[in-house]
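As structure tokens, the structure follows; a few thoughts come after it.
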Amino acid sequence: GALDLSGTHMVLTRTDIKDSREVMLPGVAGGEDFFESFKQPDGTWTAPVPLAGVNTPLNEGAPALSGDGKVMVFTACETPRDGYGPRRGKGSCDLFESRWDNDAMRWSVGSNLGAPNSAGWESQPTLSADGNTLVFARSEKGHSEPSDLVVSHRLANGGWSSPKALSGKVNTPYSEESPFLHPDGKTLYFSSDGHPGFGKLDVFMSQREKDGTWGTPTNLGAKVNSPGKDNSLMVAPRGGVAMFATTRNSGNLDFWEVILPEEAQP
């Protein structure tokens, strides 16, 4: 999922939609699709509604929003039969950029990011609030191999720089994925099985040091992490509340909400 800077607009991925009413909603195209939900004054979230323009019969996933909610970077993967569908990719899973068209009231289908992508696996992007810094998970040998977190920057021509591994202590020889760059620009949350943890994938936090490198990660503790998979953490702009996906209690990935312990807040 992804949040805008207000913390009240969320874009999320849903799959295996079987409810006959939901299947008929305009914008549902099949496979994994994007939906949006809005936080109401009483704290509850509205029923998810499909995004117009960006969903295709193939899978779209792992959305990241700019702070103003007008730019979305997401992942689409190649299939043996249909390739990337209406999009053009470089191989495996690639990152694409979609923009909100206020006149047409819909999202663009998404264009390939270019330099950040390779024949390997690129996925799970997170955008800085200004939309000009992109952190994502990358495995040059495909998703079956461990991934690292890398960063690209927006160029003056609107494109993106070639990705570089995050400097500092975040990456290990094991997998780092699901990064979330907090709007403060100096707190990074991510999932890993390469740092000491509670289970298969745990969520960690790293702070940007004065020299620009990322510091030793802190495990978010038992309130967030379980023996199963815990990832895709999003932290509200004000920093006290986090939402994350977990397999606890059901075996399927569901969204949970938690008050972050003080040492884990941005």
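Some points to look at:
- Which label in (1) 6, 28, 34, 23, 8, 1; (2) 7, 31, 39, 20, 3, 0; (3) 6, 17, 20, 18, 14, 11, 8, 4, 1 gives the computed P(r) over Cα pairs in 10 Å bins from 0, in percent: (2)
- Residues whose amide H comes within less than 5 Å of that of TRP160, counting only those at least five positions distant or on another chain, are ALA115, LEU155 (H built at 1.01 Å from N in the peptide plane).
- Beta-bridge orientation, the chain: approximately 95 percent antiparallel, per DSSP, counting only bridges with both partners inside.
- Kirkwood-based shape ratio for segment 179-251, expressed as Rg/Rh from alpha carbons: 0.98
- Shape of segment 124-194, Cα gyration tensor, a/c cut at 1.5: oblate
- Taking segment 145-266 and dividing mean pair separation by its residue count, relative contact order in percent (alpha carbons under 8 Å, at least six apart): 19 percent
- Of LYS39/LYS210; LYS141/LYS210; LYS70/LYS223; LYS164/LYS223; LYS70/LYS90, those spanning more than 27 Å from alpha-carbon to alpha-carbon: LYS39/LYS210; LYS141/LYS210; LYS70/LYS223; LYS164/LYS223
- Local net charge near PRO146, Cβ-Cβ under 12 Å (Lys/Arg +1, Asp/Glu -1): -4
- Over the C-alpha trace of segment 89-223, radius of gyration and Dmax come out as 15.5, 49 angstrom.
- Choice from THR75, THR133, THR247 showing the highest fluctuation, given a GNM over the chain with Cα pairs closer than 10 Å: THR247
- Separation of segment 177-208 and segment 32-89, taken as the distance between their Cα centroids, equals 23 angstrom.
- In order along segment 74-84, the Karplus-derived 3J(HN,Hα) couplings, from 6.51 cos²θ - 1.76 cosθ + 1.60 at θ = phi - 60°, round to 8, 10, 9, 10, 6, 10, x, 8, 10, x, 9 Hz, and Gly and Pro are given as x.
- Backbone geometry of segment 175-189 corresponds, through the Karplus equation with coefficients 6.51, -1.76 and 1.60 at θ = phi - 60°, to 3J(HN,Hα) couplings of 8, 10, 7, 6, x, 9, 8, 5, x, 6, x, 10, 10, 10, 10 Hz, x marking Gly and Pro.
- Alpha-carbon Rg with Dmax, taken over segment 1-159, Å: 15.5, 46
- Build a GNM of the chain with springs between Cα atoms under 10 Å apart, and of ASN171, ASN117, ASN249 the one that fluctuates most is ASN249.
Just so you know, all these numbers are worked out from the coordinates, no wet-lab data involved. Note that the structure is predicted; figures quoted are calculated from it, not measured. Quick reminder, even Gly has a Cβ in these numbers, built from the backbone with ideal geometry, and neighbours come from all protein chains shown.
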